[in-house]
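Enquirer: Structure incoming, see below.
The values are calculated or read from the model by the stated rules, or taken from the named source; none is laboratory data. Every value quoted in this text rests on a predicted model; they were computed, and no experiment measured them. Every residue, glycine as well, gets a Cβ built from its backbone with ideal geometry; the counts of neighbours run over all protein chains shown.
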Amino acid sequence: MILMKRTILVAGLILAIAVLAVTSQTQPASNATVAVAFTGLEGTLLTALGQTGRTLDAAVYDLTLDSVFTTLQALNAKGVTARILLSTEGGGGQKERELCQKLDALDKVEVRRRSNMHHKFAILDGAITLTGSMNWTPTSTKEEANNLVTIRSAEIAAQYKAEFERLWISAKSGCQ
């Protein structure tokens, strides 16, 4: 009987710790500002990307928007360091491979690819996070119902940065 009570007590403590751990990881940052877009997604994305001043880390399942490449060219010319992580399973096909190779040719842009990655997020200057359901493709921005969430919070950006780094270290360099 005593063993059963101790087991129940320990199980209860473990459950309480687990709940606290999950809750502490998902609490919104007190200084975060959030904007949600359901329309004008490409413009919202390009405006945010264009304001990057130092670093851009992006993990995107699909990337075939020429306008993103043009924006990344401009960022490259400004000296912004960009790391782009693409999925090896993305549906962009030949178009994505061509765009990837053009990105990889930019001196301040590094591209890597990874399997089992379905993210769609970017961290701008360690302070702003873009995330949502939107792939960076014409279809996703113009034909499908999607969203893009902009979060201004260094605390939240740091959480996304940790996930980016976890994926980045195991990704393969280049566009293959």
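Enquirer: Out of all the residues in segment 121-176, which are under 16 Å from residue 64 (Cα atoms) and among the basic types (Lys, Arg)?
Expert: 142, the sole residue that qualifies.
One line per residue, one yes/no per condition, for (1) within 21 Å of residue 31 (Cβ to Cβ); (2) touching a Leu at 6+ places or on another chain (Cβ under 6 Å); (3) free of Cβ contacts under 8 Å to residues at least 60 places away in the same chain:
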site	(1), (2), (3)
73	no, no, yes
76	no, yes, yes
94	no, no, yes
97	no, no, no
113	no, yes, no
135	no, no, no
140	no, no, no
147	no, no, no
163	yes, no, no
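Enquirer: So, of the residues in segment 151-164 that are within 11 Å of the chain's Cα centre (by Cα) and farther than 13 Å from residue 58 by Cβ, which turns out to be surrounded by the fewest Cβ atoms within 10 Å (Cβ to Cβ)?
Expert: Applying the filter and picking the extreme gives 162.
Enquirer: I'd like to check something: does segment 75-93 contain any residue that is part of a helix (DSSP H, G or I) and modelled with pLDDT under 90?
Expert: For segment 75-93, residues part of a helix (DSSP H, G or I) and modelled with pLDDT under 90: present.
Enquirer: For segment 34-71, which residues satisfy the criterion of being over 20 Å from residue 139 (Cβ atoms) and either in a loop (DSSP other than H, G, I, E, B) or at pLDDT below 95 (or both)?
Expert: Hits for segment 34-71 are 51, 52, 53, 54.
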